[in-house]
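Working notes for the structure below.
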């Protein structure tokens, strides 16, 4: 189980702006995800085929747009893929939406 911080609204697909502004934010979230995956014991994933990824969102409040939450996961998927040494195109994600918690968080289960 990998626990991640709530994805910043700056990762939203609705966020307009130049890639130069967004690139360091994306890199920070990718690094967080890689570190969290490594701390959770992730190591090189051997084998072929799809990798099931179960994502549970615990939003910070009820005002969020649940349709947009998965959009914000791309840097996290990239970081987890870095930790597993795989291409994230193998991920087969499923999404679940939980009740809000203070600060928000995302929990990812591989397998």
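Are there strands (runs of 3 or more DSSP E) fully within the range 38-111 with at least 1 residues that are free of Cβ contacts under 8 Å to residues at least 60 places away in the same chain and under 17 Å from residue 5 (Cα atoms)? List them.
Values: elements: 51-58, 91-97, 105-110.
Hits in the range 38-111: 51-58, 91-97.
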Q) Among the residues of the range 1-24, which ones are over 17 Å from residue 60 (Cβ atoms), part of a helix (DSSP H, G or I) and at pLDDT below 85? A) 19, 20, 21, 22, 23
Q) Only one of (1) surrounded by fewer than 13 Cβ atoms within 10 Å (Cβ to Cβ); (2) in contact with a helix residue (DSSP H, G or I) (Cβ under 9 Å, 6 or more places away or on another chain) is not met by residue 102, so which one is it? A) (2)
(Q) Residues that are surrounded by fewer than 13 Cβ atoms within 10 Å (Cβ to Cβ) and in contact with a helix residue (DSSP H, G or I) (Cβ under 9 Å, 6 or more places away or on another chain): does the range 49-61 have at least one? (A) yes
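The values are calculated or read from the model by the stated rules, or taken from the named source; none is laboratory data. Computed from a predicted structure; not experimentally measured. Every residue, glycine among them, receives a Cβ derived from its backbone with ideal geometry; neighbour counts consider all protein chains shown.
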